[in-house]
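A.B. asks: First, the structure itself, so that you have it in front of you.
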Amino acid sequence: METLNVGMIGYGFMGRTHSNAYRQVCNFFDLKRQPVLKVACGRDAANVAAFAKQWGYESSTTDWREVIARDDIDLVDICVPNNLHKEIAVAAAEAGKMVLCEKPLATSVADGREMVSAVEKAGVPNLVSFNYRRVPAVTFAKMLIDEGKLGQIFHYRANFLQDWTIAPDVPQGGPATWRLDAAAAGSGVTGDLLAHCIDTALWQNGSITQVNAMTETFIKERVHAETGQTQPVGIDDACTFFCRFGNGSLGNFESTRYARGHKALYTFEINGEHASIRWDLHDLHRLEWFDHNDAERLRGWRSIHVTDHGGEQPYMDHWWVPGLQIGYAESFVHQVADFLGAVEEGRTYGPTFAEALETQKVCEAVLNSAASGQWVDVTSGAG
Ligand code: SOE
């Protein structure tokens, strides 16, 4: 079998989810090329060597430019803090590599635009990792919407709630807590969590045209893990926004890392003319469905266990037997299977960098709206 050599830049939580996907994908999906974990790259030589050994990479390095310069690397996978995405992605594209980049695309629309033009100029396959699209129940929801089963859509609401930053002694910056450092992350929950909700919403319900947001930073100063100094916190700890979609529906989004009791509660609900859908990451294999076309006496919310085979419910015929569910890690396997499969067939597969730039524009408009206290038009507000 032909091989596809992967260079992984970054080895944290996301480096693990992506590495797992490359290792598993050919066990479950028919691809022409088998991903080979060639080299892992990270700033700490000992830690990245340990990661490489554990996950089966052939080698490790601390120099990402060395990875990109290697002729035998086909695909560069970027799992580093957000502020480093642009430089690595542009260099990888210029070297002719396929690029898979963790979300969000960038820390600003301006950087995102440079990344889009680099991959488009080089003509290289590119993908941003918004993995929740590839949870079978979420993909199934998209299929039902595209089939017109909901009719006209009136409302889209989504939440992404966590509680891991409530303690004031959680530092900002450094390998484990760079998401709290505005210089590394670009923003707080808007870029980290709402970006997921926005990506799914744009995919399922089309463009967002206007937003009205508010953000809050509950803890104003934290110790920086790298300097040891107490420094102002520049990220949004919580963000809530309303929006208008191009199709006329109204949206309502909320995200926080201060929702005590919630670890990663991503939910969405979509209300249409004929039916409603809701989904909950904590019960990710189920899709809740209400159909007004049901006989009146039988109307009620159904809980569909999305594990059926035969192609009508997506992905599941690649796994075990009907009724046996899969989880979070498999969304990354699906993403890699779809991306590499599309590349083999000469198709693009989304979200491409260009599609992820649309999410970036909404995030930037949301932050601009929160700063100004005004409604912001997504296209002009995001520059
Ligand atoms: C933050 O805690 C985080 O790990 C995000 O960075 C991921 O994108 C999300 O899927 C889970 O939460």
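The values are calculated or read from the model by the stated rules, or taken from the named source; none is laboratory data. Source: prediction; values computed, not measured. Don't worry about glycine lacking a Cβ; one is built from the backbone with ideal geometry, like all the others, and counts go over all protein chains shown.
A.B. asks: Tell me whether segment 235-242 contains one or more residues that are away from the ligand (no atom under 16 Å from the Cβ), surrounded by 14 or more Cβ atoms within 10 Å (Cβ to Cβ) and in a loop (DSSP other than H, G, I, E, B).
C.D. replies: Kept after step one, since they are away from the ligand (no atom under 16 Å from the Cβ), are these residues of segment 235-242: 240-242.
Applying the additional criterion that residues be surrounded by 14 or more Cβ atoms within 10 Å (Cβ to Cβ) yields 240-242.
Then keep just the ones that are in a loop (DSSP other than H, G, I, E, B); that gives none.
No: zero hits.
A.B. asks: Further, regarding this structure: Within segment 114-134, how many residues turn out to be out of contact with any strand residue (DSSP E or B) (no Cβ under 8 Å at 6 or more places or on another chain) and either crowded, with 19+ Cβ neighbours inside 10 Å or among the aliphatic types (A, V, I, L, M) (or both)? Walk me through it before giving the result.
C.D. replies: As a first pass, look at segment 114-134 and keep what is out of contact with any strand residue (DSSP E or B) (no Cβ under 8 Å at 6 or more places or on another chain): 114, 116-118, 120-123, 130-131, 133-134.
After this cut, where a residue has to be either crowded, with 19+ Cβ neighbours inside 10 Å or among the aliphatic types (A, V, I, L, M) (or both) as well, the list is 116, 118, 122, 130-131, 133-134.
Of the residues in segment 114-134, 7 are out of contact with any strand residue (DSSP E or B) (no Cβ under 8 Å at 6 or more places or on another chain) and either crowded, with 19+ Cβ neighbours inside 10 Å or among the aliphatic types (A, V, I, L, M) (or both).
A.B. asks: Can you tell me which residues in segment 231-245 are β-branched (Val, Ile, Thr) and under 14 Å from Thr177 (Cβ atoms)? Steps first, answer last, please.
C.D. replies: From segment 231-245, those β-branched (Val, Ile, Thr) are 233, 235, 240; that's our starting set.
Result: Val233, Ile235.
A.B. asks: Going through Leu105, Leu100 one at a time, which residue ends up being in a loop (DSSP other than H, G, I, E, B), in contact with a Pro (Cβ under 9 Å, 6 or more places away or on another chain) and of a type in the set (A, V, I, L, M)?
C.D. replies: On the way: Leu100 fails: in a loop (DSSP other than H, G, I, E, B).
So the residue among Leu105, Leu100 that is in a loop (DSSP other than H, G, I, E, B), in contact with a Pro (Cβ under 9 Å, 6 or more places away or on another chain) and of a type in the set (A, V, I, L, M) is Leu105.
A.B. asks: Then there's this: Considering only segment 248-295, give the strands (runs of 3 or more DSSP E) lying wholly within it that have at least 3 residues that are modelled with pLDDT of 95 or more, buried (at least 20 other Cβ atoms within 10 Å of the Cβ) and away from the ligand (no atom under 16 Å from the Cβ). Please lay out each step first, then the result.
C.D. replies: Details: elements: 250-256, 265-272, 275-280, 286-291.
Filter on segment 248-295 gives an empty set.
A.B. asks: Next question, about the same structure. Does Ile68 fit the bill of being in contact with a Cys (Cβ under 9 Å, 6 or more places away or on another chain) and of a type in the set (Val, Ile, Thr)? Walk me through how you get there before you give the answer.
C.D. replies: Details: in contact with a Cys (Cβ under 9 Å, 6 or more places away or on another chain): no; of a type in the set (Val, Ile, Thr): yes.
Criteria not met by Ile68.
A.B. asks: Something else: Being touching a residue at least 12 places away in the same chain (Cβ under 8 Å), among the small types (Gly, Ala, Ser) and not in a strand (DSSP E or B) narrows it down to one of Ala213, Ala201, so name that one.
C.D. replies: On the way: Ala213 fails: not in a strand (DSSP E or B).
That would be Ala201, the only listed residue that is touching a residue at least 12 places away in the same chain (Cβ under 8 Å), among the small types (Gly, Ala, Ser) and not in a strand (DSSP E or B).
A.B. asks: Next question, about the same structure. Taking the condition of being under 16 Å from Leu340 (Cα atoms) and out of contact with any helix residue (DSSP H, G or I) (no Cβ under 7 Å at 6 or more places or on another chain), how many residues in segment 103-137 meet it?
C.D. replies: Of the residues in that region, 1 qualify.
A.B. asks: Continuing with this model, one more query. Anything in segment 191-216 that is β-branched (Val, Ile, Thr), away from the ligand (no atom under 12 Å from the Cβ) and surrounded by 21 or more Cβ atoms within 10 Å (Cβ to Cβ)? List them, or say none.
C.D. replies: Hits for segment 191-216 are Ile198, Ile208, Val211, Thr215.
A.B. asks: Going by the conditions given, is Leu180 within 12 Å of the ligand (Cβ to nearest atom) and not assigned by TED's automatic domain parsing to the domain that holds Ser108? Outline the logic, then answer.
C.D. replies: Numbers: within 12 Å of the ligand (Cβ to nearest atom): yes; not assigned by TED's automatic domain parsing to the domain that holds Ser108: yes.
Against the criterion (within 12 Å of the ligand (Cβ to nearest atom) and not assigned by TED's automatic domain parsing to the domain that holds Ser108), Leu180 qualifies.
A.B. asks: List the residue pairs whose Cβ atoms are under 6 Å apart, where the first residue sits in segment 139-165 and is in the same structural domain as Cys243 (by TED's automatic domain parsing) and outside any loop (DSSP other than H, G, I, E, B), the second is within 16 Å of the ligand (Cβ to nearest atom) and of a type in the set (Phe, Trp, Tyr), and the two are 6 or more positions apart or on different chains.
C.D. replies: If the second residue must be within 16 Å of the ligand (Cβ to nearest atom) and of a type in the set (Phe, Trp, Tyr), the pairs left are Ala158/Phe253; Ala158/Phe268; Phe160/Tyr266.
For (1) hydroxyl-bearing (Ser, Thr, Tyr); (2) touching a residue at least 40 places away in the same chain (Cβ under 8 Å); (3) within 20 Å of Gln204 (Cα to Cα), each residue gets a yes or a no:
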| position | (1), (2), (3) |
| --- | --- |
| Phe241 | no, yes, yes |
| Arg260 | no, yes, no |
| Asn271 | no, yes, yes |
| His274 | no, yes, yes |
| Glu296 | no, no, no |
| Trp301 | no, no, no |
| Asp308 | no, no, no |
